[in-house]
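Participant: Shown below is the structure under consideration.
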Amino acid sequence: MTTTADSLIPATDITDNQTVAVTVEGKNILICKANGDYYAVDNQCTHQRAELTNGRIRNCYLACPLHGVRFDLRTGMPKGELTRVPLKTYPVSVAEDGNLHLELD
Ligand code: FES
């Protein structure tokens, strides 16, 4: 089942290499912007469950603030040896009203 969260946040509220944490239907989701595109991932590292809110974005990779695993925002895949479990990713788009819309499974 796909659920669409309408009117998440205005797309203009997030700048390149910035993250914004939102709660959608009880899920802690991190909205990210990298290279002009928007991404949405679970806001919990797959290594030791740290929140990724303050992770730095570089070249479409989000770094976990705790131990530094980098996740590809496009696929959720981690780089490095600490975890091989990908982050869950969600489709996010900019609607005609200028707000970000998120699709949950
Ligand atoms: S908790 Fe994220 S890398 Fe360890």
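The values are calculated or read from the model by the stated rules, or taken from the named source; none is laboratory data. Note that the structure is predicted; figures quoted are calculated from it, not measured. For neighbour counting, all protein chains shown are included, and Cβ atoms are generated from backbone atoms with ideal geometry for every residue, glycine included. We work out accessible area using only protein heavy atoms, side chains counted, and drop any ligands, DNA or RNA first. Shrake-Rupley method; radii C 1.70, N 1.55, O 1.52, S 1.80 Å.
Participant: How high is the relative contact order of the chain, given as a whole-number percent (alpha carbon pairs under 8 Å, six or more residues apart)? Walk me through the intermediate numbers first.
Facilitator: Values: 233 pairs, mean separation 30.0, N = 105.
Answer for the chain is 29 percent.
Participant: Here's another thing I want to ask about it. Between residue 48 and residue 96, what's the calculated FRET efficiency when r is the beta-carbon distance and R0 is 41 Å? Round to 0.05. Display every interim value, and only then the final one.
Facilitator: On the way: r = 40 Å, r/R0 = 0.98.
FRET efficiency, residue 48 to residue 96: 0.50.
Participant: Go ahead and collect, in residue order, the members of segment 65-100 whose backbone nitrogen is under 13 Å from a label point 7 Å along the Cα-Cβ direction of residue 23.
Facilitator: From segment 65-100, the list is empty.
Participant: In whole percent, how big is the carbon plus sulfur part of the accessible area of the chain, probe 1.4 Å, protein atoms only?
Facilitator: Values: 2610 of 5990 Å².
Roughly 44 percent of what the probe reaches on the chain is carbon or sulfur.
Participant: Another question about this same structure. Taking only Cα atoms and a 10 Å spring cutoff, compute GNM fluctuations for the chain and point out the largest among 14, 29, 57.
Facilitator: Maximum among the listed residues: 14.
Participant: Here's something else I'd like to know. Would you mind getting the accessible area per residue of the chain, heavy atoms of the protein chains only, 1.4 Å probe, in Å²? Can you show the working numbers first?
Facilitator: Numbers: 5990 Å² over 105 residues.
Heavy-atom accessible area per residue stands at 57 Å².
Participant: Follow-up question, since we're still on this one. Within the set of other residues whose C-beta is less than 12 Å from the C-beta of residue 37, count the net charge using Lys and Arg as +1 and Asp and Glu as -1. Could the numbers behind the result be given before it?
Facilitator: Numbers: positive: 33, 74; negative: 16.
For residues surrounding residue 37, the net value is +1.
Participant: A further question on this structure: Only four residue types carry charge here, +1 at the Cβ of Lys and Arg and -1 at the Cβ of Asp and Glu. Report the dipole size of the chain about the Cα centre in Debye, rounded to the nearest 20. If you can, show how the numbers build up before the last one.
Facilitator: Numbers: 10 positive and 13 negative charges, 130 e Å.
So the dipole magnitude of the chain works out to roughly 620 debye.
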